[in-house]
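What follows is calculated from the coordinates using simple rules that are stated; it is not laboratory data. Source: prediction; values computed, not measured. Note that we place each Cβ from the backbone using ideal geometry, even for glycine, and neighbour counts take in every protein chain shown.
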Amino acid sequence: MFFIFLSLTLFVTYWAARHTKNLKTFYAAGGNITGLQNGLAISGDFMSAASFLGISGLVFSVGFDGLIYSIGFLVGWPIVLLLIAEPLRNLGKYTFADCASYRLKQKPIRILSSCGALTTIIFYLIAQMVGAGKLIEILFQIPYILAVIIVGSMMVLYVTFGGMLATTWVQIIKAILLLLGASIIAFLVLFNFHFDLTAFFSQAIQLHPKKIAIMGPGGLITDPISAISLGLALLFGTAGFQTSTLVNCHINHD
């Protein structure tokens, strides 16, 4: 299954590389991506290894409070869409740096923008690569460092040769697989409990070491100030990281 998925994404990259002929095609897929396709691509970007596995593990370990991570990340997307992506699309620019450098000195603005983007992305990228590297390590029993190098090389290959067109379609494929897999797992689990949520949660409480405590707040965050601080960090952190992604996706949908 892994090699089938890998072959499919490489074929998409090859196909996209043949259609990537100018700047607009590379950065915005030529403006030919529909709203539904953009929605799936954004979903695939959101349902990463860090979120899909990390948040599930956090909810299991600390209980109810772990859900703030999934909600906090989600709230950051509309902010980028309304405050950054829409204005840039109207200006015909691809990134915030393109817009700012048009009015100010290009070199300092682009250096500052690059430093800010790389600083924000590297923390998110570490979590992504750890999750992906561990999965490949478990699947093929290869050294962890080699697994990380393989995953990183594939990502560079997708973006360098396929541009936004390949990136979008790879994310669409990823979203469909994740949604389908998660839905099947959820259906099978609930089927085992005859779709009785009360019985499902009762069993989870009985088996979990923390018992009923996992169903209430306080496992991770103990006071309102900490909750507000963490919520703002998740909201604006996600907005900072996803700015370029949402701008490109929004520009695609002409």
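Quick notes on this structure:
- Rounded to 10°, Cα long-axis angle of helix 35-46 versus longest principal axis of the chain: 60
- Set of aspartates and glutamates near Lys107 by C-alpha distance (under 18 Å), chain-local residues within fewer than 8 positions excluded: Asp98
- Note on Phe193, Phe26: ascending count of other Cβ atoms within 10 Å places them as Phe193, Phe26, the fewest first.
- Simple spin-label estimate for Leu179 and Ala213 gives 3.8 nm between the two label positions (7 Å along the Cα-to-Cβ direction from each Cα).
- Each of Cys99, Cys115 was scored by other Cβ atoms within 10 Å of its Cβ. Arranged with the fewest first, they read Cys115, Cys99.
- Residues of type aspartates and glutamates that Lys174 reaches as a straight line, Cα spacing below 20 Å, ignoring anything fewer than 8 places off in the same chain: Asp45, Glu137
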